[in-house]
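K.L.:
The structure follows.
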Protein chains: 2
Amino acid sequence: MDNFMLEAIFEAKKSLEEGGIPIGSVLVKDNQIVGRGHNRRVQKGSAILHAEMDALESVGRQPASFYEDVIIYTTLSPCSMCTGAILLYKIRHVVVGENKTFLGDEALLQERGVKVEVLDDETCFQLMQDFILKNRSLWSEDIGTSLTS
Amino acid sequence: MDNFMLEAIFEAKKSLEEGGIPIGSVLVKDNQIVGRGHNRRVQKGSAILHAEMDALESVGRQPASFYEDVIIYTTLSPCSMCTGAILLYKIRHVVVGENKTFLGDEALLQERGVKVEVLDDETCFQLMQDFILKNRSLWSEDIGTSLTS
């Protein structure tokens, strides 16, 4: 198992312990973790702090050159918002834990030249499956869908 | 002039007074402003608080149904990240102050069925032109480009 994905999973579990949605993310540069975060919808009443956004925010303001060799790891396929943030900062490589629970905008990332690697990781998948079983409404809110859709 | 765009401009000017980038946004629902915000890159050392994101965050957690009839006003064409957030929450209508300074991902919004109205507003344009003249590096950072590109 990829060590950086293990760290993203660590972030996802941290969110779960805080009563939040178990999605985590880390930013890797020169083989080192330079940023990390997890979904904070519940913890901060946030509409924008998905795991990837939280990880990007953890490194604060950076020039464009900073992102050139950044790899972003995320336990779950990035939604449209996180995809857009990846495109804004021209991050070239995304490693996704799983995309069976939710398939984000991977096609758009690829179309714009971003390398998308999907690990199909069982731990990432089970974390979300267990969570959604008990929190369907919260999960729908996080991806901007209604329960009936 | 559209009253809601005037409020978005008010937000942009507030950012300028705070030493920040003059871009503002408001969320309108049932003809009332329900959320507002401005770019906080400088003020909060933030990589993600563009004006539209700040406005979305100002209303906090909401169910998908909340966004169905929301119109988002922004003084400047939405970048990829803000475009992605608009798509995530399925906001159907975006009113843009101007897109001459920067043309965001309007084509993607339209491709996905979002109505994009561009007002070509001179105040919005001048605010950005005056700002960029004195702050080229900061502006490049905000849109994820290097000065030479």
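No value in this document is a laboratory result; all are computed from the given coordinates. Bear in mind that the values here come from a model prediction, so they are computed numbers and not experimental data. Glycine gets a Cβ as well: all are built from the backbone with ideal geometry, and neighbour counts include every protein chain shown.
K.L.:
From zero up to wherever the largest Cα-Cα distance of chain A sits, split into 10 Å bins and tell me the percent of pairs in each.
P.N.:
12, 47, 34, 7, 0
K.L.:
So, one more: How high is the relative contact order of chain A, given as a whole-number percent (alpha carbon pairs under 8 Å, six or more residues apart)? Present the calculation step by step, with values, prior to reporting the outcome.
P.N.:
Numbers: 297 pairs, mean separation 26.7, N = 149.
After rounding, I find 18 percent.
K.L.:
Let's see if you can work this out: charge +1 on each Lys and Arg Cβ, -1 on each Asp and Glu Cβ, no other charges. What is the dipole magnitude of the stretch B:25-87 about its Cα centre, in debye to the nearest 20? All intermediate terms of the calculation are to be shown ahead of the outcome.
P.N.:
Values: 6 positive and 6 negative charges, 62 e Å.
My answer is approximately 300 debye.
K.L.:
Give, as a single signed number, the net charge of other residues whose beta carbon lies under 12 Å from the beta carbon of A:Lys13, with Lys and Arg counted +1 and Asp and Glu -1.
P.N.:
Working: positive: A:Lys14; negative: A:Glu7, A:Glu11, A:Glu17, A:Glu18, A:Asp130.
Here the charged neighbours net out to -4.
K.L.:
While we're looking at this one, here's another question. Find which of A:Gly20, A:Gln129, A:Leu119 sits farthest along the positive direction of the dipole of chain A, computed with +1 on the beta-carbon of Lys and Arg, -1 on that of Asp and Glu, about the Cα centre.
P.N.:
A:Gly20
K.L.:
A further question follows. Can you report the principal axis dimensions of the protein assembly as shown using only the alpha carbons, biggest first, rounded to whole angstrom?
P.N.:
Extents along the principal axes: 54, 45, 32 Å.
K.L.:
Between B:Lys100 and B:Glu17, what's the calculated FRET efficiency when r is the beta-carbon distance and R0 is 25 Å? Round to 0.05. Could the numbers behind the result be given before it?
P.N.:
Working: r = 24 Å, r/R0 = 0.95.
Efficiency for this residue pair is about 0.55.
K.L.:
Extending each Cα 7 Å along its Cβ direction at B:Val34 and B:Ser137, get the distance between those two points in nm, one decimal.
P.N.:
Inter-label distance under the simple model: 4.2 nm.
K.L.:
Where Lys and Arg each count +1 and Asp and Glu each count -1, what net charge lies around A:Thr83 among other residues with Cβ under 12 Å from its Cβ? Write down the numbers at each step before the final one.
P.N.:
On the way: positive: A:Arg112; negative: A:Glu52, A:Asp105, A:Glu106, A:Glu111, B:Asp105.
Cβ neighbours under 12 Å give a net charge of -4.
K.L.:
Scaled to the compact-protein estimate 2.2 N^0.38 Å, what is the alpha-carbon radius of gyration of the stretch B:46-107, rounded to two decimal places?
P.N.:
Values: Rg = 11.2 Å, N = 62, 2.2 N^0.38 = 10.6 Å.
In units of the 2.2 N^0.38 Å rule of thumb, it is 1.07.
K.L.:
Still on this structure, I have one more. Between the stretch B:19-66 and the stretch A:13-59, how far is it from one alpha carbon centroid to the other, in angstrom?
P.N.:
One Cα centre to the other: 20 Å.
K.L.:
Rg to Rh for the stretch A:1-56: what is it, with Cα atoms only and Rh by Kirkwood? Could you put the intermediate results ahead of the total?
P.N.:
Working: Rg = 10.8 Å, Rh = 10.9 Å.
Answer for the stretch A:1-56: 1.00.
K.L.:
Shifting gears a bit: Considering only the other residues whose Cβ falls under 13 Å of the Cβ of B:Leu108, what net charge follows from Lys and Arg at +1 and Asp and Glu at -1? Write out the running numbers ahead of the final one.
P.N.:
Details: positive: A:Arg112, B:Arg112; negative: A:Asp105, A:Glu111, B:Asp105, B:Glu106, B:Glu111.
Cβ neighbours under 13 Å give a net charge of -3.
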